[in-house]
1. Considering only DSSP beta bridges where both residues belong to the chain, give the percentage that are antiparallel (nearest 5).
2. Could you give the dipole magnitude of the range 147-248 about its Cα centre, charging the beta-carbon of Lys and Arg +1 and that of Asp and Glu -1, in debye to the nearest 20?
3. Under a cut-off of 17 Å between alpha-carbon atoms, report the aspartates and glutamates in cross-link reach of residue 51, not counting same-chain residues fewer than 8 places apart.
4. Once you place label points 7 Å from the Cα toward the Cβ at residue 378 and residue 347, how far apart are they in nm?
5. With a Förster radius of 35 Å, plug the Cβ-Cβ distance of residue 175 and residue 432 into 1/(1 + (r/R0)^6) and report the FRET value to the nearest 0.05.
6. Return the long-range amide H neighbours of residue 245 (sequence gap of 5 or more, or a different chain), with a cut-off of under 5 Å between placed amide H atoms.
7. Excluding residues fewer than 8 places away in the same chain, name every one of the lysines whose C-alpha is closer than 28 Å to that of residue 122.
8. Measure nothing fancy, just the Cα-based angle from helix 177-186's long axis to the longest principal axis of the chain, in degrees from 0 to 90, nearest 10.
Amino acid sequence: MDAVNVGIIGLGNVGSATLNILAENADQIAQKLGFRLNVVAVCSRSVAAKKIPDALGNVARTADWRDVVARPDVQIVAELVGGRGVAAEIIDSAIEHKKSVVTANKEIMAACGPEIWDRAIKSGINLAMEASVCGGIPIHAVLREGISGDRVTGLYGILNGTCNYILTEMEKRGDSMADLVAESQRLGYAEADPSADIDGFDARSKLVLLAALAFGEKITPSDIFVEGIRRITPLDFDYARQLKHTIRLVCGARKTSEGLILFVRPALIPVSTILAGVQGPYNAVWVKGEFGEDTFYYGWGAGHPTGVAVVSDLMRVAREIRSGSPARVSPFAHERLGEYQPVSVTRQKRAYYLRFRVEDRPGIIATLAGILAAKHISLEAVLQEPSTNKQDLPFVITCEETSEQSIRDAVAEMARLEFMREAPLALPMETSL
Ligand SMILES: NC(=O)c1ccc[n+]([C@@H]2O[C@H](COP(=O)([O-])OP(=O)(O)OC[C@H]3O[C@@H](n4cnc5c(N)ncnc54)[C@H](OP(=O)(O)O)[C@@H]3O)[C@@H](O)[C@H]2O)c1
């Protein structure tokens, strides 16, 4: 049977991993499909300097992505450039040219996935985006097909491998945030500008997509509460350990009677929870279903596993091209499932961990306890590691379950106290995970 022809745009981490897998695994892919996947053209700005595997045979190279999209023999365009600029042009142009699209682009799909899907359906082409979230975990397929018969009530995840690497290494070795950010850049886990990872925005894009698929809603990114990991210190892990907890950047989407609560934030989680076992640059997604109960998915978040996700998407789309499957159904099912109702995270009730750095003097605990009492927050415990530095003395107060709004009000008032070295760090304790 004739091959299905592919054009690959973007030959960076994901693009080169994709080419390697397509070259090295070509025979098995052909056996599974019953036809070959043929790479006919590749593109990147510095394409002349790129190594293209010999096993792929005669592949046209270009630095202009329009050449790939316009080629009559290209049936599927893989957009592996990233970002919101040229990548959006590539996807739009491919749809106009009636080429199916495979993309790893979480940013674009989180910001305007439903609109892109609508255009793709009108154009009669297919779109696949498995590689956009948790490269090594086929979570789109799980939510879209595997457990689509269930009614999801909650979804929790560790969706940013860089943050998870930093936090788990800080826990093990006690190194500082600055050292670990530099180390993850050296290892290729973090970008030169690490902000998207450590400030939580990369994880937010992924949560937008997962929550959209899990709950059938069109999620607005700004509805998700985001807090990054910059303020976490090794000392926080020492205190968390005393409380039999650890700290992870937790992404959550929880259905309540009022609507969806969505957040990306560092939180204390019990050391006994399955999420605490997720170490290094791994990702995990935990889905809670009303009928099917809990399911858990785990895998590497970047590099070659993302290439596997792209190749598997290429295979699925190629199979659908071959079988002439006419009906395209958007995974963003919000139109059919009704209005999305975001609920502010300030409404949720949790126990809280408050970490202070103060200039020591008598009466500090009494002052803080007074502020908590005035907001009807019950103090649970005071923890203090031995320290001789009275100018910068750390300690922790844990509070019983209370509303996030009350904690925010208390923290704002405490931050103004003249003995406070910095605003208190407040982290929720996700004890039910
Ligand atoms: N890295 C991961 O592990 C990972 C995991 C999951 C998803 N993703 C997603 O996968 C996508 C690609 O990520 P990546 O890490 O592979 O990025 P990358 O290493 O920065 O590679 C980007 C590629 O796009 C090419 N490119 C940029 N602008 C171009 C233009 N105007 N015309 C043609 N080519 C252009 C670059 O060309 P030059 O090399 O010639 O400059 C480079 O080959 C992103 O959407 C990312 O979010 C990545």
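1. Restricted to the chain, the bridges split so that about 65 percent are antiparallel.
2. My answer is approximately 320 debye.
3. Of all the aspartates and glutamates, those that pass the test against residue 51 - Cα under 17 Å, at least 8 places apart if same chain - are 24.
4. 2.5
5. After rounding, the FRET efficiency stands at 0.70.
6. Hits under the 5 Å cutoff: 271.
7. Those lysines meeting the cut-off are 98, 99, 106, 206, 218.
8. 10
Values quoted throughout were computed directly from the atomic coordinates according to the rules given, and no laboratory measurement underlies them. Small disclaimer: the values here were computed from a predicted structure and weren't measured. Please note: Cβ atoms are built from the backbone with ideal geometry, for glycine as well, and neighbour counts cover all protein chains shown.
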